[in-house]
Each structure stands twice: as C-alpha cells, then as structure tokens.
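The values are calculated or read from the model by the stated rules, or taken from the named source; none is laboratory data. The model shown is predicted, which means the values in this text are computed figures rather than measured ones. Methodologically, a virtual Cβ is constructed for each residue, glycine included, from the backbone with ideal geometry; neighbour enumeration extends over all protein chains shown.
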Amino acid sequence: MNKHTAKPWSIQIEFEKPQTNGVLIVDGAGDTIARIYGVTEGNPEVQANSHLIAAAPELLEVLQELASATYMSFDTKLRYHPVIGRANIALRKAIGDV
C-alpha cells in the first residue's frame with residue numbers, strides 16, 4: 001500500500017505576489033503537495049519539472065505494474081534485462097526503500 005497522497009495531482013500557477021510567485025502541485029481535493037517558489041512565467045525548466053512532479057503518482061503506479069508483470073514473466077531475458085533492474089531501483093527509491 002502506498003503512503004503518498006492519492007492521485008490525481010495537478011499543477012496550479014500562482015503569480016499574485018512577487019515573493020510567492022510559483023507553481024503549486026495539488027491533489028484532487030486542492031491541497032498543496034509541493035510548491036516551487038521564485039519562478040517566472042514561461043520558464044520551460046520549471047514547467048517541465050512541475051509536469052514531472054504532477055505525474056509522479058501515475059508513474060509510480062505504472063512502474064509497480066511493470067515490475068509485477070516482469071517478475072511474473074516466464075521470459076528470463078525480460079525479467080533480468082538491465083532496464084528492468086534500473087526500474088526496480090527507481091521504484092525502491094520512490095517508495096523510500098533505499
């Protein structure tokens with residue numbers, strides 16, 4: 001069972017006050033999960049990072065499904081492929097198991 005905030009996560013932009021200009025990542029109830037301060041509108045790196053953070057729950061879910069499917073696979077080339085090993089390491093990192 002995951003301990004993170006339930007999906008979906010989405011992006012909200014806040015540009016009302018110069019000292020709090022930023023991007024919010026919010027859950028389905030509108031509660032803030034993360035805030036990126038001091039950004040300027042149109043910054044492509046911040047936009048890309050925001051989208052990556054907002055997609056985290058879905059990415060984790062898919063990675064867990066992929067790990068489970070490859071573990072159950074009879075295809076040993078697939079099960080022991082280096083990219084599957086890297087995926088398992090990333091999964092462990094995501095759930096705080098490293």
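A few remarks follow.
- The condition of being modelled with pLDDT of 85 or more and not in a helix (DSSP H, G or I) holds for Gly28.
- The condition (being part of a helix (DSSP H, G or I), of a type outside the set (Lys, Arg), under 19 Å from the mean Cα position of the chain (by Cα) and assigned by TED's automatic domain parsing to the domain that holds His4) is satisfied by just one residue among Glu45, Glu65: Glu45.
- Members of region 31-50 found to be exposed (fewer than 13 other Cβ atoms within 10 Å of the Cβ) and modelled with pLDDT of 80 or more, listed by number: Asp31, Thr32, Glu45, Ala48
- Taken together, the residues in region 51-95 that are surrounded by fewer than 11 Cβ atoms within 10 Å (Cβ to Cβ) and either of a type in the set (Val, Ile, Thr) or touching a residue at least 40 places away in the same chain (Cβ under 8 Å) (or both) amount to 2.
- Any hit, region 1-20, residues being in a strand (DSSP E or B), surrounded by 16 or more Cβ atoms within 10 Å (Cβ to Cβ) and at pLDDT below 85: no
- Screening Thr70 with (1) within 15 Å of the chain's Cα centre (by Cα); (2) not assigned by TED's automatic domain parsing to the domain that holds Lys3 gives one miss only, at (1).
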